[in-house]
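What follows is one structure encoded as structure tokens, with my remarks underneath.
Any read-out appearing in this document is the output of simple, stated calculations on the displayed coordinates, not a laboratory observation. Since this is a predicted model, take the numbers as computed values, not measurements. Neighbour counts run over all protein chains shown; Cβ positions are idealised from the backbone, glycine included.
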Ligand SMILES: [Zn+2]
Ligand SMILES: [Zn+2]
């Protein structure tokens, strides 16, 4: 696994790469705009150039983008759905401008309609975005913790969305460990990790997992509560993460921390990244 973290773009997109280097990241995740805002301006060519240059100068580590949380592909309200579609298109375009190859999105919430309707609406939105261009990033559907009427807490649902888009070659998955655990996929030791990966493989195809979010879970198995904890300090624990980071099937994909970083002067994500690299041990 290429171990990295979600880093801030404050001060410019290229600043996220400097932060990743300081934290000893082998992969990087960013937001391409403020995650709580509907309208974000396009990427200026000079900003894209600076991003490219700094990335190249630092070994071209893989970069993934995470879409804004406001976007609700599964939502039933027609106005909000169109607003979401517009914002998602803009996300897609910003990734294209920055040369980012993978864009992660949560399938969203069906808001007391039905999972089936939510799945259909989510697929429609992804299809609409992909139909407009033959280039651009892969879309990675992220599994969720399954609280309220969120869809995508099982890989069966994510696979159903992917299938319905009619663009399966451009739609893949992001596997969030804390969300999976909250949704009932056990990851606490090597055997449980093996069993869970086998299950995901049968539900959605493990080869379609293109990014892992490495988050420990503050809450218990099956709680449906999305609360990230630092690696080894939560309910999954270090045995589970040790098994995960050693998986051959994940050897070339980003494993991104989205846990609480330490303050700037204390190395931010560096201690957790070193810890995970240590768990990966002899495999690197
Ligand atoms: Zn996410
Ligand atoms: Zn989460």
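How would you order 23-33, 92-102 from highest to lowest mean count of nearby Cβ atoms within 10 Å? Please report the intermediate quantities before stating the final value.
Working: 23-33: 22.6, 92-102: 19.9.
Peptide ranking by packing, descending: 23-33, 92-102.
Using R0 = 45 Å, the C-beta based FRET efficiency linking residue 225 and residue 46 works out to 0.60. Compared with the direct C-alpha span, the chain from residue 111 to residue 39 gains 23.6 nm at full extension, assuming 0.36 nm per residue.
Could you work out [θ]222 nm for the chain from helices alone, using -39500 (n - 2.57) per DSSP H run of at least four and dividing by all its residues? Round to the nearest 500 deg cm²/dmol.
On the way: 9 runs with 113 residues, N = 284.
My calculation for the chain gives -12500 deg cm²/dmol from helical runs alone.
Sorted on the mean count of surrounding Cβ atoms within 10 Å across their residues, most packed first, peptides 264-270, 133-139 read 133-139, 264-270. Normalised by the number of residues in the chain, the average gap of Cα pairs under 8 Å and 6 or more apart makes the relative contact order 18 percent.
Tell me, what is the FRET efficiency for residue 22 and residue 251 to the nearest 0.05, using R0 = 25 angstrom and their Cβ-Cβ distance as r?
Numbers: r = 24 Å, r/R0 = 0.98.
Rounded to the nearest 0.05, the efficiency is 0.55.
The simple spin-label model puts a point 7 Å past each Cα toward its Cβ; for residue 274 and residue 80 those points are separated by 4.5 nm. Binning the C-alpha pair distances of the chain at 5 Å intervals from 0 yields a P(r) profile of 1, 6, 13, 18, 19, 18, 14, 9, 3, 0, 0 %, listed from the shortest bin outward.
Expressed to the nearest 5 percent, the antiparallel share of DSSP beta bridges inside the chain is 10 percent.
For the chain, modelled as a GNM whose springs connect Cα atoms under 10 angstrom apart, the maximal fluctuation among 208, 143, 58 occurs at 58. Compute the Cα gyration tensor for region 25-99, then decide on rounded, prolate or oblate, letting a ≥ b ≥ c be the square roots of its eigenvalues: rounded whenever a/c is under 1.5, prolate when a/b is larger than b/c in the other cases, and oblate in all that remain. Prolate, because a/c is 1.5 or more and a/b exceeds b/c.
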